[in-house]
Amino acid sequence: MHDIQALVQDLERALLSLNRNEAIKIIHQASTQSSPIEAACEVVTEALDHIGAGWEEGRYSLSQVYISGLICEEAVDAVLPREAPERKDQPKMAIGVFADYHLLGKRIIYSSLRAAGFELTDLGSGLNTEDVVKMVHKQQISVLLLSTLMLPSALKIKELTRQLKDMPVKVVVGGAPFRFDENLWKEVGAYATGKTPKEALEIVNNLTGGKV
Amino acid sequence: MNTMAITSMERVLKTLGHQEPDRVPMFLMLTMHGAKELGLSIREYFSKPEHVIEGQLRLGQKYQNDCIVPFFYGPLEIEAFGGEVIWADDGPPNSGEPFIRSIEQINHLKMPDARSSKVLQKVYKATEGLNKEVGNKIPIIGVVMSPFSLPVMQMGFDKYLEIMFFRPDLFKRLMEVNQEFCVNFANRQLEAGATAICYFDPVSSTTIIPRETYLKTGFLIAQQTISRIKGPTATHFASGRIMDIVDDIAKTGTAAVGTSTSEDIGMMKVACKGKLTVIGNMNGIDMRNWDRTKTVHIVKDIIRKAAPGGGFILSDNHGEIPFQVSEETLMTISETVQTYGHYPIQLSDG
Ligand code: B12
């Protein structure tokens, strides 16, 4: 039996020094606990939370957030495959890059949510309003996460949320423009915004009622 | 044009020498707004150097700007490499599908000749034309993407971080190609009449990489590249954070730094004192929402905290003001600098 907090600290240290093998070893160790999935996800989520919060406070950098997310996603996939019944029983969730082509923000949020045990569809990038409205309808998406990097792209979400008004979908937005203008998410009619993977996870947890 | 006794060039040079000129210099980094002046779409506007010459002259005059920016858009360098650009009606064009699709392609990557590149001629012509008009009265700021930041557009951010951390061989090769390209692009702009080069290097900011990585990568590349650029340089981090690397940046040979609204401008001024001129740090994205009162308040606050002693240029924090920012707001910024920016600064707290 390992102390969860000690594992979190070890994992955080391994991730920050980009020590992939060590990180994977720790996640495996966590998964040998009584409830493997819960333990692994808890350790991973906490370690990623610390790193994400450190980025927001200016202590860590984005490359550390990104690479940590990738390593954890890979390790969690090994203990909890994509089709595993233990993946959270959750409403249909999807993520995409709206009007832009910059994939990193989406990639980070996608990896972090998957590392926390959620499953979500990747809608790709360069999405326009028409595509998204169709996808939401066809795939019955109820939580839609959108990432943008350019201000004009962020502003275009306003028309999308207008068209989605009568559908049972919650639009969550993020990316640089939303970090530099605190009210922009409200202006574009989004349900919520998050600055870090941790905040994305909190929003998704609230929406899905999903705790591991 | 400026009717004061001292020219914008003299004002800027004095501030770069960490002395107080007549008033705080103001760099309104306006690019796309030139299209509005000429009644053209952004794409049409950037299709001809003549448009950029006319646009920059009109903007300079209108706002009493202390610099001229013959910058087109970052992804122009990607076009020079044969990559694609995606246009927008209301914002800067973006780089399209990265042209390095698999990392191994880096081994065979060919460097375009920046001097003869057809797409870059527009920049050289615009710079020459502007230099003919303003001579050495107003500084003309040429722009280059740093060899270290360009790869995000060449290959995508995820693949780039992968080679930066796990494939030193490919990283080294890509830096060699980009460095040569960057030095040629910068020097050709200086020959065309640019006064200084703004070296855009946001990937080096601690927003993106930790200092340990910077010291082994972006820092060394900046040092080598800047030493080969035959003119003064300023380094811009496009609103990324830099407080933890200020002393390192000073060692790259650059004269000034673009600073972010995410960091306190007063503390930044203290950290840079005598070493680097501080450029910044108005929040360009939020500027769209500023009314007159808020604009005056923010400009006065920045001047109060950062202007005393010289070594400071008022500007936005990204090095490019979004298309959505109104003429009224830009005019208010300019007027506030004219009113409250005279040395010695006489603004009190609150
Ligand atoms: C590094 C950088 C560059 C680099 C690389 C950019 C790239 N990715 O392609 C280079 C030098 C190439 C560059 C160029 C340009 N840039 Co630039 N750049 C930056 C900088 C410093 C970081 C951007 C970045 O990639 N961050 C990494 C991503 C992953 O961070 P992020 O999007 O914020 O994501 C995090 C959170 O927001 C959140 N998140 C993201 N998505 C989502 C989604 C959901 C649902 C949730 C909950 C959370 C979430 O999680 C992530 C991790 O915590 C920013 C300023 C800044 N301080 O952020 C400007 C910035 C993005 N650039 C900007 C611009 C305009 C440009 C140019 C178009 C300029 C020009 N005229 O040429 C060019 C062209 C870009 C292109 N690709 O074609 C603007 C865009 C906004 C605007 N003004 O419209 C910014 C915001 C600067 C500013 N303050 O204005 N840039």
Checklist entry - For labels at B:Arg292 and B:Lys62 in the simple 7 Å Cα→Cβ model, what's the distance in nm? => result 1.9
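Taking only DSSP H segments of four or more residues, each worth -39500 (n - 2.57), what value at 222 nm results for the protein assembly as shown once the sum is divided by all its residues, to the nearest 500 deg cm²/dmol? It would help to have the intermediate numbers written out before the result.
Numbers: 26 runs with 279 residues, N = 562.
So the calculated ellipticity at 222 nm is -15000 deg cm²/dmol.
Report the rotationally averaged projected area of region A:104-203 based on its alpha-carbon convex hull, in square nanometres.
Details: hull surface 23.0 nm².
Across all orientations, region A:104-203 yields a mean hull projection of 5.7 nm².
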Checklist entry - Sorting B:Lys159, A:Lys195, B:Lys110 on the 10 Å Cβ count, fewest up front, what's the list? => result B:Lys110, A:Lys195, B:Lys159
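Roughly what % of Cα-Cα distances in chain A sit above 27 Å, to the whole percent?
Details: 6689 of 22366 pairs.
Counting every Cα pair in chain A, those more than 27 Å apart make up 30 percent.
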Checklist entry - How big is the protein assembly as shown on each of its three principal axes, counting only the C-alpha atoms and giving the largest first in Å? => result 79, 52, 50
Checklist outcome for this item: Per the 1/(1 + (r/R0)^6) rule, R0 = 25 Å and r from the Cβ atoms of A:Glu187 and B:Lys36, FRET efficiency to 0.05 is 0.65
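Suppose R0 equals 22 Å. What FRET efficiency, 1/(1 + (r/R0)^6) with r the Cβ-Cβ distance, do A:Asn19 and A:Arg59 give to the nearest 0.05? Intermediate values should be presented prior to the final figure.
Working: r = 19 Å, r/R0 = 0.85.
Working from the Cβ atoms, E equals 0.70.
Report the rotationally averaged projected area of region B:30-167 based on its alpha-carbon convex hull, in square nanometres. Mind showing how you got there, number by number?
Details: hull surface 36.4 nm².
So the mean shadow area of the Cα hull is 9.1 nm².
Take the residue pairs B:Lys48/B:Lys305; B:Lys230/B:Lys269; A:Lys92/A:Lys156; B:Lys216/B:Lys305 and return only those whose Cα atoms are more than 29 Å apart.
On the way: B:Lys48/B:Lys305 40 Å; B:Lys230/B:Lys269 27 Å; A:Lys92/A:Lys156 24 Å; B:Lys216/B:Lys305 33 Å.
Going by Cα-Cα distance, B:Lys48/B:Lys305; B:Lys216/B:Lys305 fall outside the 29 Å limit.
Taking the beta-carbon count within 10 Å as an exposure proxy, list B:Asp89, A:Asp10 from fewest neighbours to most. Intermediate values should be presented prior to the final figure.
Values: B:Asp89 9, A:Asp10 19.
By the 10 Å Cβ count, ascending: B:Asp89, A:Asp10.
Need one number: % antiparallel among DSSP beta bridges in chain B, to the nearest 5. Write down the numbers at each step before the final one.
Details: 3 of 26 bridges.
Once the DSSP bridges in chain B are tallied, antiparallel ones form about 10 percent.
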Item to check | Ratio of the Cα radius of gyration of region B:8-340 to 2.2 N^0.38 Å, where N counts its residues | outcome: 0.94
Checklist entry - Using 7 Å Cα-to-Cβ label points, what is the B:Lys216/B:Lys137 separation (nm, one decimal)? => result 5.2
Checklist entry - Anyone know which of A:Gly117, A:Gly126, A:Gly52 comes out most mobile in the 10 Å Cα GNM of chain A? => result A:Gly126
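Counting only DSSP beta bridges with both residues in chain A, what percent are antiparallel, rounded to the nearest 5?
Values: 0 of 15 bridges.
Beta bridges within chain A, antiparallel portion: roughly 0 percent.
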Checklist entry - Computed on alpha carbon atoms, what radius of gyration and Dmax characterise region B:105-209, expressed in Å? => result 15.6, 49
Next on the checklist: Which one, B:Leu161, B:Leu120, B:Leu190, has the greatest fluctuation when you compute a Gaussian network model over chain B with C-alpha springs under 10 angstrom?
Outcome noted: B:Leu161
Checklist entry - Most mobile of B:Leu130, B:Leu150, B:Leu59 per a Gaussian network model of chain B (Cα springs, under 10 Å)? => result B:Leu59
Checklist entry - Could you give the nm distance between label points at A:Glu202 and A:His137, where each point is 7 Å from its Cα heading toward the beta carbon? => result 3.6
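Any read-out appearing in this document is the output of simple, stated calculations on the displayed coordinates, not a laboratory observation. Everything quoted here is computed from the prediction, not taken from an experiment. Using ideal geometry, Cβ is built from the backbone for each residue, glycine included, and neighbour counts are taken over all protein chains shown.
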